[in-house]
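The values are calculated or read from the model by the stated rules, or taken from the named source; none is laboratory data. Every value quoted in this text rests on a predicted model; they were computed, and no experiment measured them. Cβ sites come from the backbone with ideal geometry, for glycine too, and all protein chains shown count toward neighbours.
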Amino acid sequence: MAKSNIVDTSERMQNDLHRAEMKLKLVNRLRQDAKLLYAERNNILKKMNTLQQITTEVSNLKSKINVCDEIINNLENSSSEMQKTAYHMQNLSQANENLEKATVLMNRIKSLERMYMRPMSE
């Protein structure tokens, strides 16, 4: 009977040892998985940080694009104003030429008037 108890105890201890070894393997596997998950978490955090930087840069670029659009709009408006000014200047130039021609004609008329208005005795 004592021998049977020793065998039973020995078998129980072997079973306990086997279960303990299996639990140890499981714990080691869980530790390894935890390390992998931690490394993956760090990679995800780095990617999130990079994504945040990209988002910030995109926002900055959108602001710069808006400024450029405003500058282009102002330039287009200025171009339109410059075209109007050029048109008015062309009209003024034409009016000035017409005034010069009219002045020449007036001077001719005055000269002719003087010439024909003189008495014949001269």
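May I ask you to list the residues in the range 7-53 that are among the hydroxyl-bearing types (Ser, Thr, Tyr) and at pLDDT below 95?
Within the range 7-53, the first condition is being among the hydroxyl-bearing types (Ser, Thr, Tyr), and the residues that meet it are 9-10, 38, 50.
Answer for the range 7-53, where residues must be among the hydroxyl-bearing types (Ser, Thr, Tyr) and at pLDDT below 95: Thr9, Ser10.
Met106 - would you say it is of a type outside the set (Gly, Ala, Ser), exposed (fewer than 10 other Cβ atoms within 10 Å of the Cβ) and assigned to a helix (DSSP H, G or I)? Before the answer, list the steps.
Values: of a type outside the set (Gly, Ala, Ser): yes; exposed (fewer than 10 other Cβ atoms within 10 Å of the Cβ): no; assigned to a helix (DSSP H, G or I): yes.
The answer is no for Met106.
Is one or more of the residues making up the range 83-91 more than 35 Å from the chain's Cα centre (by Cα), assigned to a helix (DSSP H, G or I) and polar (S, T, N, Q)?
Restricting attention to the range 83-91, the residues satisfying the condition of being more than 35 Å from the chain's Cα centre (by Cα) are 86-91.
After this cut, where a residue has to be assigned to a helix (DSSP H, G or I) as well, the list is 86-91.
Now drop any that are not polar (S, T, N, Q), which leaves 90-91.
So far as the range 83-91 goes, yes, one or more of its residues are more than 35 Å from the chain's Cα centre (by Cα), assigned to a helix (DSSP H, G or I) and polar (S, T, N, Q).
Going through Ser80, Ser4 one at a time, which residue ends up being surrounded by 10 or more Cβ atoms within 10 Å (Cβ to Cβ), among the small types (Gly, Ala, Ser), assigned to a helix (DSSP H, G or I) and modelled with pLDDT under 95? Walk me through it before giving the result.
Details: Ser4 fails: surrounded by 10 or more Cβ atoms within 10 Å (Cβ to Cβ).
Going through Ser80, Ser4 in turn, just one is surrounded by 10 or more Cβ atoms within 10 Å (Cβ to Cβ), among the small types (Gly, Ala, Ser), assigned to a helix (DSSP H, G or I) and modelled with pLDDT under 95: Ser80.
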